[in-house]
1. Tally Lys/Arg at +1 and Asp/Glu at -1 over every other residue whose Cβ is under 13 Å from the Cβ of residue 40; what's the total?
2. If you take the charge dipole of region 3-115 about its Cα centre, with +1 on Lys and Arg Cβ and -1 on Asp and Glu Cβ, which of 59, 48, 82 is farthest toward its positive end?
3. Calculate one ³J(HN,Hα) per residue across region 5-12 by plugging θ = phi - 60° into the Karplus curve 6.51 cos²θ - 1.76 cosθ + 1.60, and present them in order as whole Hz with x for glycine and proline.
4. More than 24 angstrom separation, counting every C-alpha pair in region 3-115; what % is that?
5. Contour minus end-to-end for residue 20 and residue 95, with contour as 0.36 nm per residue of separation and end-to-end as the Cα-Cα distance?
6. Tell me, what is the FRET efficiency for residue 61 and residue 2 to the nearest 0.05, using R0 = 35 angstrom and their Cβ-Cβ distance as r?
7. In region 72-116, which GluC sites (Glu not before Pro) are in a loop and have at most 10 other Cβ atoms within 10 Å, using DSSP for the loop call?
8. Could you give the size of the charge dipole of the chain about its Cα centre, using +1 on the Cβ of each K and R and -1 on the Cβ of each D and E, expressed in debye and rounded to the nearest 20?
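Just so you know, all these numbers are worked out from the coordinates, no wet-lab data involved. What you are looking at is a predicted structure, and each value in this text was computed from that prediction instead of being measured. Note that we place each Cβ from the backbone using ideal geometry, even for glycine, and neighbour counts take in every protein chain shown.
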Amino acid sequence: MDIRDIAADMVAMTKAGDFHIGEKYWADDVVSIEGMDGPMARLEGKEAVMGKSAWWYANHEVHGTTTDGPYVNGDQIAIRWTMDITNKESGDRQQMDEVALYTIKDGKIVEERFFY
C-alpha cells in the first residue's frame, strides 16, 4: 500500500465516522505532538498515544465533523478536520478547526502533529 492509498483510506475512515485511524496505522514507536502545553503535548509509543485518544473520546461528545483532504507530499499526509464538540466535564460546546500532519514510514504513522 503506497502513501496515497494510506491517505485515501484514512480519509475514507473518518468520513465514515471511524476516527480510529491511528489504531490501524500507528507504528509501535509513534510520536504524537499536540499544538499545546501539558502532559499530553508530546507522547511516544503506541500505548501512550492510544491512551490519549481514549481519554479524548471519553471526555468529549462529538456532534459532527467534516474532513478535508488528504494532501500528500513525499512521506507526509495532511488532513483537516472541523469538529462540533462538547467537553463533557464543563459542558462547553465549541467548534474545532484542526490540521493533522502525519509522517509515514513503511506504511505506518511514525509521527503525528496537530495544528489548531
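1. Working: positive: 42, 52; negative: 34, 37, 44, 112.
Taking every Cβ under 13 Å from that of residue 40, the sum is -2.
2. In region 3-115, that residue is 82.
3. Here the 3J(HN,Hα) series is 5, 4, 4, 5, 5, 4, 5, 4 Hz.
4. Working: 1298 of 6328 pairs.
Percentage above 24 Å: 21.
5. Numbers: separation 75, 0.36 × 75 = 27.00 nm, distance 2.04 nm.
That works out to 25.0 nm of additional length.
6. On the way: r = 36 Å, r/R0 = 1.03.
E(calc), rounded to 0.05, equals 0.45.
7. 89
8. Numbers: 12 positive and 22 negative charges, 25 e Å.
That gives a dipole near 120 debye.
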